[in-house]
Structure formats: structure tokens, C-alpha cells
Amino acid sequence: MPKIKKVLIANRGEIALRIIRACRDMGIRTVAVYSTADKNAMHVQLADESVCIGPAPARDSYLNESAILTAALLTNSDAIHPGYGFLSERADFAQKVEQHGMIWIGPSPDMITKMGDKVNAKQTAIKCGLPVVPGSDGAVKSIEDALKWADKIGYPVMLKAAAGGGGRGMRAIMNADEMADAFNITKQEAKSGFGDDTLYMEKLLLHPRHIEFQVLGDKHGNVVIFGERDCSLQRKNQKVMEECPAAVLTQKQRDDMIEICKSAAKKMGYTNAGTFEFMFEDGKFYFLEMNTRLQVEHPVTEMVYGIDLVREQIRVAAGEKLGYTQSNVIPHGHAIEFRINAEDPETFIPCPGTISLYAPSGGLGVRVDSAVYTGYTIPPTYDSMIAKLIVHAQSRPACIMRASRALDEFVIEGIKTTIPLQQRLLNNSDVRQLKFDNHWLEKYLAQKHDDTPAAEESNE
């Protein structure tokens, strides 16, 4: 079994710091890579070694495969952890890592390829017994083809880019009159955004929730499914707040889906961390996609299940068996995560700049994953997420109370952040009473609202 003594982290920000901490807990040395814009970043300061890999633009640094591989070889790194985003789902990069004699800390390149293409992923899901949304059985190649499929599926429908992700490359079509323009525009967006204009079609669910299940598999055929996360509070398909478990599910629904997901992951031969994502409507699940990487929202699963998912990723990559079986994966309480972005909470325009004061909240059941500090200048070059606030308590009402307190305590001055929006959301009666779906937040933001807490909720 290979021994991992040094890990290069091909990422930046809070996830790079998260991986550094997991490695340190395991006695593993770390190498940070950074762009010139990140020379003062915390992940650079806390890693055992650091290597500058290029100028500020991501394409010249964090997406520069040659520079990252060179840095790994020069520092004698045993493995590379990609975090999420950037190169995390690039099968060709994962393959290059292995070809250079290093360990890729993630699913196999073959699995990334298979599940990264949305059309192939859906076909694989069907073969493995996962429930799917009614849709085309392959690529939709023309407007005429699209119209035929839409008639068969029934309007409304959604056109999606096969290589899409992150909420991009998709368009809703309510009737046949909208099809031609929607098809041409989506095809152009897919080509320019992903370099692949292949499209497919699915039935558009009008009031779905976004429910996902955490997968963890080792190289010995063992698979564990950790309980679900509810990620339904979204703006433009970008998650704003995530919870574990999904309080809208019955225990039978949860148990049934865990078994279905476990069976599917075993049939796939899935290794390392991943996520089965589903739409949930009227008591039924429909497979959406699979993320072959660690998720941004992985901390809520860690808080509820008491597991370090990054540690498990590293152990599995080194050939070790999972430290858990399905029978001893037991949830405790409820957790909520808030993505705190450097954005105007009203317009969502990014607000890079210098943080004049950074004082994160704390206390029992409160975790903050962040790589910023007082005096740190947020560059305009990268994603606007600067911190994640994760709160855990024994029940959802108690978690909401604790989260409200933690958001009130969280101080970030010098820039605008989304904290005021998240405070309003927690006070909203629909959020507190679980009366929301994937489209709720968009409607909420488009209208005036009175955010008064729901009456008489237990905090036990």
C-alpha cells in the first residue's frame, strides 16, 4: 500500500486550508500552490512548502496543469488533492497525475469521465437502478429532434448542456413556440462555455427540492452512503444555504434512497468521495447528476456524522479500507451551512477589497471554514465566496436559533457580504417551516418581504 507523506493542494482559499488542516492531523506534509494574486493568502502561509505557479488569471495558474505537475514533481509530492472547482473534475489531469507516478486524491479518471458528461451519467444511472427524470435517451441534435422529444415528454421541458455544470448551460421551454430560439441559444452557450455543444432534454419539474447523498467508496469494494443534504435554497442554480439532514423526508424515504445509492455506487465500482444529486418532488426522487469530487457543502455532513471526509479521501487514495461501515454511520442532530460571499446582499455584485476587520463567530456547535483575515485583500479574479459558516445543534429549530446568533456575531468590515441576506432568510417563516423549493429564493428576492420569525418554535 503506497504511503502518502506529502500532498500538493491544487487549489486556493478555504478548501486549500481545509485540506492542509486534515493533512496536519494525519502527520502529512503539504505543498501550497498560488498565483501572484495570492502571495499573502493564508493557505500559502500555513502550508509546509509553497510554489508560485503563475499570474493572477486562473487559466495561467490554478488551471495551468503543467505548472502544477511541475511544482508537485519539484517538491517530491506523493499525491495531489484538487479540492473542488478548478481541476477537480478534469479526467485528463487526474490521468496525468497518475502517469507521473503520483496519487490522485479523488475518484478515478474513468469515473470522472463517465459521470462528468450529463448524457452518459444519466444512462449510467439508469443501468445502476437510480430513478431519473423523464427525458431524451441521448443527445438532442436538432430543433426538430427537440420538438419531438418535448411532445413525448410533455411541456414544460429543460434543455441542458451535456458538459454543463454549476447551474450554467440550461434553459426552460414552456411551449413549442419557444423551442427554436432556446435550442440555438443553449447550443451556442454550451459551445462557448464548455467547448461542447451537445444538448439533452429533461422534463422540467415545477416545484422540486434539491436533495443529495454523500458517497464514499474504497478500492476494496466497500461503499458507505452518508445521509442527505437539502440544498434547495438557490439563486441562479447556485446554492446559498445547505442543511443535513433533509427535514422534509420520511425515514423510509431516506432509508430507501440510501440503499438505492449504495447499490448504484457498488455497481459503478465508485471510489473516493462523490455525491448523487436528485430532484425531489411529490415524494419521488429523480437523478440529476453526480459530482465526482468533494462538495462545497461537505461540512454539514461532517458535523452530523462526526466524520472527516478529507481524511477519508486521503486514506482511500492510499489504498486503505474505509473506516466506517453502513451500520455504524449514525446521524446526530442537524447542521446548516451558509456560503458567505463578498457580494452586495441586494444586487449580488462582487465586492472585492480589503477586509478592515474580520471577527468570525464561535461557541458550541459553530464552525467557520475560511482563509481570510483582518487586512487581507480579496482579489477580483476568483470566486466571491470567502467563508462558510456551519452550525450544528440537536434539532433543526435549535440549529436555526444557534445559526441566527452566529450570523449576528459574525463581523466582516471593509467590504459588503451576503450575511444580511442570510439573516433575513433565517427569520423568514417559509424557511423556518420548510415551505420552500428550488425556485423559492428567486421569487423571494424579486418581491418585497416581511421577514418575521414563525411563532412559537421549540429550540430543544
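Key figures for this structure:
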| read-out | value |
| --- | --- |
| Taking the convex hull of Cα positions in the chain, its mean projected area over all directions (nm²) | 21.1 nm² |
| Cα-based Lys proximity count in the stretch 209-445, under 22 Å, for pairs eight or more positions apart or on separate chains | 24 |
| Surface/4 of the Cα convex hull for the stretch 6-89, nm² | 4.6 nm² |
| Estimated vicinal HN-Hα couplings, Hz - the stretch 374-382 in sequence order (Karplus 6.51, -1.76, 1.60; Gly, Pro = x) | 4, x, 6, 9, 6, x, x, 7, 10 |
| Charge dipole magnitude, Cβ of K and R +1, D and E -1 - the stretch 202-287, Cα centre, debye nearest 20 | 200 debye |
| Sorted by Cβ density within 10 Å, fewest first, the residues W149, W440 | W440, W149 |
| 5 angstrom amide H check on T271, placed H, neighbours 5+ away | S108 |
| Neighbour net charge for L46 - beta-carbon separation under 10 angstrom, K R +1, D E -1 | +1 |
| Kyte-Doolittle mean at least -0.5, axial Cα span of 20 Å or more - DSSP H helices of the chain | 179-194 |
| Sum of side-chain charges, A162 neighbourhood, beta-carbon under 15 Å (Lys, Arg +1; Asp, Glu -1) | 0 |
| MRE, 222 nm, helices only [DSSP H, n ≥ 4, -39500 (n - 2.57), over the chain, to nearest 500] | -9500 deg cm²/dmol |
| Cα gyration tensor shape for the stretch 318-452, rounded if a/c is under 1.5, else prolate or oblate | oblate |
| Magnitude of the charge dipole, the chain, Cβ model with Lys/Arg +1 and Asp/Glu -1, debye to 20 | 920 debye |
| Average Cα contact separation per residue, the chain, under 8 Å, 6 or more apart, as relative contact order % | 14 percent |
| Share of alpha-carbon pairs per 10 Å distance bin for the stretch 1-143, given as whole % | 12, 37, 27, 15, 9, 1 |
| Convex hull per residue volume in Å³, alpha carbons only, for the stretch 209-445 | 128 Å³ |
| For the stretch 134-203, the spread of Cα positions along each principal axis, largest first, Å | 29, 21, 19 |
| Order of V157, V51 - criterion: other Cβ atoms within 10 Å of each residue's Cβ, fewest first | V51, V157 |
| Set of aspartates and glutamates near K152 by C-alpha distance (under 19 Å), chain-local residues within fewer than 8 positions excluded | D137, E144, D177, E178, E202 |
| Beta bridges per DSSP with both ends in the chain, % antiparallel, nearest 5 | 80 percent |
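Only the coordinates and a few stated rules stand behind these numbers; no lab work does. Keep in mind the model is a prediction, meaning the values are calculated, not measured. Please note: Cβ atoms are built from the backbone with ideal geometry, for glycine as well, and neighbour counts cover all protein chains shown.
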